[in-house]
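Values in this text are rule-based calculations from the coordinates and carry no lab data. Everything quoted here is computed from the prediction, not taken from an experiment. Cβ placement follows ideal geometry from the backbone for every residue including glycine, while neighbour counts extend to all protein chains displayed.
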Amino acid sequence: MNKKLIILAATFLTLSLEADCNSYYLLGAKSQDEKKIVQENSIVWDYEKNNWSVSEPQNTLNIESLQCKDDGYILINNELNQNREIKKDNIYTIKKGWNYFTTPKDGIDVVKSFQNQKDIKFVYTYDTTSKAWAGYSPVTKIQEKIASTRILSLRYIEPRVGFYIYAIKNITIKTDATVINKQCQKIIDKGYTTLIATAVDKKVVSNQDKSLAIKSRYASHYRRGIYNDSRVAFIFDEKKHLKKSSHKMLTYGPIVPAVMIQYDESLQDSWFFVFDYFKKECYRGIYPSKKVPPFSSLSKLK
């Protein structure tokens with residue numbers, strides 16, 4: 001073979017290798033065609049020789065200058081995952097590679113759902129409060145690397161939140177979730193009304209006549225470095241709210257469970273119940289009055 005043919009063959013091989021070179025998947029990007037990222041705390045994951053490695057957070061990234069690996073992706077801190085449509089069921093058909101989904105009505109217990117799914121390598125959602133990604137991997141070595149950088153440990157994804165899954169083959173799984181326990185469900189079954197508040201949107205949730213309002217005092221990252229369920233369900237007798245209102249609102253914020261309550265003065269000395277999704281417990285409380293002090297902890301129902 002003459003020198004020209006050797007050079008042409010070498011050039012063709014080089015171009016072929018470049019064509020097969022990994023194109024980084026961008027989580028949180030509006031487009032997969034971005035070439036430069038100017039965003040605080042972007043994190044690069046690379047896969048080479050059957051091993052995942054993770055970078056320190058970076059503020060500027062030129063994607064085209066990154067060294068070619070077998071696979072890789074970049075976490076960009078600008079993804080908003082709230083207020084998505086509720087998934088109608090809890091069965092997920094996951095394709096090989098990256099997938100983007102929304103959660104069912106009860107959300108997803110990430111650890112219970114994915115801990116035995118070794119064909120899934122990464123699960124991610126973005127926390128706008130801390131401006132950080134929360135991630136989980138059923139692979140211990142990968143989870144240790146997730147914990148080594150600026151990524152929250154993902155335990156639970158609430159309803160109406162979007163999330164990413166990376167799988168190495170096509171699979172179908174059924175996810176688990178936290179539901180109101182039997183102690184609180186018995187109260188609901190008696191005809192009591194339920195309001196649910198979450199720290200994901202930080203909204204105050206009110207009943208129809210505005211005689212009651214609640215807010216979750218959890219943060220989505222309530223424990224340092226852990227992203228978890230932040231919902232509280234307030235369970236009350238709506239009939240008592242049909243009485244004539246005094247239009248004077250009082251405030252009560254017990255430490256356990258972490259809920260802030262605003263209630264009409266006419267409701268003093270009435271019972272209410274709270275299901276804490278984070279602690280998975282049912283509590284009974286009473287609206288404080290001059291006769292009843294504001295207890296710091298509500299009574300747990302067993």
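Some notes on this structure:
- Options [x] 20.7; [y] 16.7; [z] 19.8 - which one matches mean projected area of the Cα convex hull in nm² as calculated here: [z]
- At R0 = 35 Å, FRET efficiency that the Cβ-Cβ distance of LYS112 and ASP209 yields, to 0.05: 0.35
- Length added when fully stretched, LEU301-MET260, from 0.36 nm per residue minus Cα-Cα: 12.8 nm
- Charge dipole (debye, nearest 20) of region 20-177; +1 at Cβ of Lys and Arg, -1 at Cβ of Asp and Glu: 380
- Under the shape rule built on the C-alpha gyration tensor, where the axes satisfy a ≥ b ≥ c, region 68-191 is prolate, since a/c reaches at least 1.5 and a/b is greater than b/c.
- Normalised by the number of residues in region 20-177, the mean separation of alpha-carbon contacts (under 8 Å, six or more apart) gives a relative contact order of 27 percent.
- Taking every alpha-carbon pair under 8 Å whose residues sit at least 6 apart, the chain reaches a relative contact order of 13 percent.
- The chain, dipole about Cα centre (Lys/Arg Cβ +1, Asp/Glu Cβ -1), debye to the nearest 20: 1020
- Shown for the chain are the DSSP H helices of 20 Å or more along their axis, judged by Cα atoms, with a mean Kyte-Doolittle hydropathy of at least 1.0: 3-19.
- Additional length obtainable on full extension of the chain from HIS247 to SER23, 0.36 nm per residue less Cα span: 74.6 nm
- Look at the dipole of the chain built from charges on Cβ: of VAL256, TYR24, GLN39, the Cα furthest out on the positive end belongs to VAL256.
- Each of ARG284, ARG231, ARG224 was scored by other Cβ atoms within 10 Å of its Cβ. Listed from fewest to most, they are ARG224, ARG284, ARG231.
- Dipole in debye (nearest 20) - region 201-302, about Cα centre, beta carbon charges: Lys, Arg +1; Asp, Glu -1: 200
- When the chain is treated as a GNM with alpha-carbon contacts under 10 Å, the residue of GLY97, GLY253, GLY162 showing the greatest mean-square fluctuation is GLY97.
- Each Lys or Arg adds one and each Asp or Glu takes one away; over the other residues whose Cβ falls under 12 Å from the Cβ of VAL204, this sums to +4.
- Computed [θ] at 222 nm, helices only, for the chain once each DSSP H run of length n ≥ 4 contributes -39500 (n - 2.57): -3500 deg cm²/dmol
- Gaussian network model of the chain, springs between alpha carbon atoms under 10 Å - residue of GLN32, GLN262, GLN143 with greatest fluctuation: GLN32
- Listed residues GLN67, GLN183, GLN39, most fluctuating in the chain (Gaussian network, C-alpha, under 10 Å): GLN67
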